[in-house]
Amino acid sequence: MKKINLLLLVLIAAFGFKIQAQNVHFGAKAGLNLATITGDDTSDVKSKTSFHLGAVAEISISDKFSVQPELLYSAQGAKEDGGDGEFKLDYINIPVMAKFYVADGFSLEAGPQVGFLMSAKSKGGGESVDLKDFTKGIDFGLNFGLGYKMESGLNFGARYNLGLSNFWDFPSDIDPEFGVGDFKNKNSVIQLSIGYFFL
């Protein structure tokens, strides 16, 4: 219930700008994720190719500046280097991007992101293990990127999501023999997107 309430508050804050904005465009986007994890014991992991998709709203503040809240499903995690193991983290992410237009159609973007964990699983050797009880329900990050928007509404973007928070949440009484109680890992995702604004 707390997670749902927080999600509603973030949505209201993110999309509430449209009430006062004079120029709001809504759209959709989808694209490629190159996701991995950073931090402890990650020498044997490599990027996992996955995807993201969702809705966006661009709120123009001036000719050069706009705010773009988004609501995205994002498949993240990492793969085992040299094996068939895979770590899957699925999020509903809400980035709020500040966009600075530096040339005709071209923008530099940056902004915070909050993610709500939908599922967490480890797969390998034909088995799947649910890890949601050992991962935090909320994840925080910062996004940096660039974009290009055509007059038709078609747009393209490249973005890096830098994870800020450790996504593990191991119980305090976990058996020390597992050696994971002090693990700290963060998400790291490169996103390539294509979208369309409904003008």
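Laboratory data are not the source of any read-out in this text; all were calculated from the coordinates shown. This is a predicted model, so every value here is computed, not measured. Cβ coordinates were reconstructed from backbone atoms using ideal geometry, including for glycine residues, and neighbour counts include every protein chain displayed.
Here are a few things to note about the model shown:
- Taking label positions 7 Å along the Cα-Cβ direction at both Glu86 and Leu162, the computed distance is 3.0 nm, reported to one decimal.
- Summary value for segment 34-134: 21 percent relative contact order, contacts being C-alpha pairs under 8 angstrom separated by 6+ residues.
- Taking label points 7 Å from Cα along the Cα-to-Cβ direction, Thr42 and Phe106 give a separation of 3.0 nm.
- Neighbourhood charge, 15 Å Cβ-Cβ cut-off, centred on Asp40 and excluding it, Lys, Arg +1 and Asp, Glu -1: -2
- If you take all other residues with their beta carbon under 9 Å from the beta carbon of Tyr101, and give Lys and Arg +1 and Asp and Glu -1, the sum is +1.
- Using the empirical formula 2.2 N^0.38 Å as the baseline, the Cα radius of gyration of segment 45-87 reaches a ratio of 1.83.
- Counting Lys and Arg as +1 and Asp and Glu as -1 over every other residue whose Cβ lies under 12 Å from the Cβ of Gly82, the net charge comes to -2.
- A viscosity of 1.306 mPa s and a temperature of 10 °C, combined with the Kirkwood radius over Cα pairs in Stokes-Einstein, give a translational diffusion coefficient for segment 47-199 of 93 µm²/s.
- Gain in span if fully extended, Ile61 to Ile194, counting 0.36 nm per residue against the direct Cα distance: 45.6 nm
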